[in-house]
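Okay, structure first, notes after.
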There are 2 protein chains.
Amino acid sequence: MPDEQGHPELEEIELGKVLAALADPARRRVIKQLLEDEAGAERHCTSFGLQLSKATRSHHFRVLREAGLIRQVDRGNSRMAQLRYGEIELRFPGLLELIRREKEEQASSET
Amino acid sequence: MPDEQGHPELEEIELGKVLAALADPARRRVIKQLLEDEAGAERHCTSFGLQLSKATRSHHFRVLREAGLIRQVDRGNSRMAQLRYGEIELRFPGLLELIRREKEEQASSET
DNA sequence: TCGATGGTTCTATGTTTTACGAACCTTTGT
DNA sequence: ACAAAGGTTCGTAAAACATAGAACCATCGA
């Protein structure tokens with residue numbers, strides 16, 4: 001079962017949910033940016049340049065979190081996002097590389 | 001542009017569409033079964049054990065085709081489905097392996 | 001030729017997803 | 001204590017999606 005903050009354990013991460021989470025261009029964009037940072041980097045949720053209201057942003061981060069792709073850590077007032085790289089790589093080896101390689105225009109110009 | 005039957009060319013296959021196609025358990029099930037056959041095998045569309053009306057089945061096969069995951073070939077009365085394994089592997093190496101490895105219960109018991 | 005078979009398309013319906021404003025909660029900083 | 005800042009949740013509206021029945025169009029086989 002997910003922890004109090006809604007993070008699934010490694011074994012609970014489901015391929016279906018992960019694929020659904022990554023099917024959205026905005027969420028893929030978040031993951032892509034996290035992939036460009038150094039391992040374990042934490043990023044502020046507003047730092048991804050998403051042209052969305054904060055309610056919608058919150059929604060997308062929830063989907064990513066519940067799918068198991070990111071971990072959200074409370075840092076006082078803010079909530080930082082961290083890619084669960086090692087775990088995802090362990091569970092679905094190669095998946096994140098495919099996301100990383102996608103051209104940026106493709107992810108943003110999608111229908 | 002897609003060919004007359006709606007098959008995208010290799011370069012036109014988009015990660016977003018592929019992920020969206022694979023996010024559905026029924027469609028993932030089809031791909032999984034195709035992965036179990038020998039390379040290049042053709043399967044009859046009714047042979048996947050989908051508990052769905054033929055209209056819905058047709059819809060799912062269309063999504064798979066337009067995403068570029070399968071090729072549909074007319075064989076007289078029937079339309080056979082063929083996994084575009086080599087092409088997908090070329091474009092998104094490792095992706096199909098992830099699908100193959102997913103446990104069957106997980107794919108079918110999803111919400 | 002004609003009925004049965006296999007598939008697609010159209011239309012309709014219910015569900016899910018995306019999106020946003022408004023209200024709300026918490027922490028920070030003064 | 002209180003206002004500002006960062007996020008979540010709620011209510012809601014619009015779009016997208018899954019599903020199936022019905023009409024339709026081929027092809028196959030008798």
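How large is the Kirkwood hydrodynamic radius of chain B, in angstrom, based on all distinct alpha carbon pairs?
14.1 Å
With every protein chain present, what is the per residue accessible area of the protein assembly as shown (1.4 Å probe, Å²)?
Here the per-residue accessible area is 52 Å².
Closest approach to the A-B rotation axis by any Cβ of A: residue and distance in angstrom?
Closest Cβ to the A-to-B rotation axis, residue and whole-Å distance: A:G94, 2.
Copy-to-copy spacing for B:S53, label 7 Å out on the Cα-to-C-beta vector, in nm, shortest first?
Once sorted, the set of distances for B:S53 reads 3.6 nm.
In nm, what does the list of distances from A:E36 to its counterparts in the other copies look like, shortest first, when each label sits 7 Å along Cα to Cβ?
Label-point separations across copies, in nm and ascending: 4.3.
Region B:30-74: D in µm²/s via Stokes-Einstein (Kirkwood Rh, Cα pairs, 25 °C, 0.890 mPa s)?
D, rounded to a whole number, is 221 µm²/s.
Comparing the chain by itself with all protein chains present, which residues of region A:9-29 are at least 30 Å² less accessible (probe 1.4 Å)?
Buried-area filter returns A:E14, A:L15, A:G16, A:L19, A:A23.
Lysines within cross-link reach of B:K103: Cα-Cα under 16 Å, excluding same-chain residues under 8 positions apart?
A:K17, B:K32
Considering only protein heavy atoms and a probe of 1.4 Å, how much of the accessible area of region A:28-111 is carbon and sulfur, as a whole percent?
47 percent
Quick check on chain A: helices-only [θ] at 222 nm, where DSSP H runs of length 4 and up contribute -39,500 (n - 2.57) each and the sum goes over total residues. Nearest 500, please.
The per-residue figure over chain A is -13500 deg cm²/dmol.
Could you compute how much accessible area chains B and A hide from each other, both sides summed, with a 1.4 Å probe? Nearest 100 Å² is fine.
Roughly 1400 Å².
Counting only C-alpha contacts under 8 Å and six or more residues apart, can you give the relative contact order of region A:10-102 as a whole percent?
Averaging sequence separation for qualifying contacts and normalising by length gives 33 percent for region A:10-102.
Distances in nm, one decimal, shortest first, from B:E89 to the same residue in every other copy, taking the label point 7 angstrom along Cα→Cβ.
2.4
Any chance you could list P(r) for the protein assembly as shown, counting all Cα-Cα pairs in 5 angstrom bins from zero, rounded to whole %?
1, 6, 14, 18, 19, 14, 12, 8, 5, 2, 1, 0, 0, 0
The values are calculated or read from the model by the stated rules, or taken from the named source; none is laboratory data. What you see is a predicted model; the values in this text were computed from it and never measured. All Cβ positions, glycine included, derive from the backbone under ideal geometry; neighbour counts span all protein chains shown. The accessibility values were calculated without ligands, DNA or RNA, using every heavy atom of the protein model including side chains. Shrake-Rupley method; radii C 1.70, N 1.55, O 1.52, S 1.80 Å.
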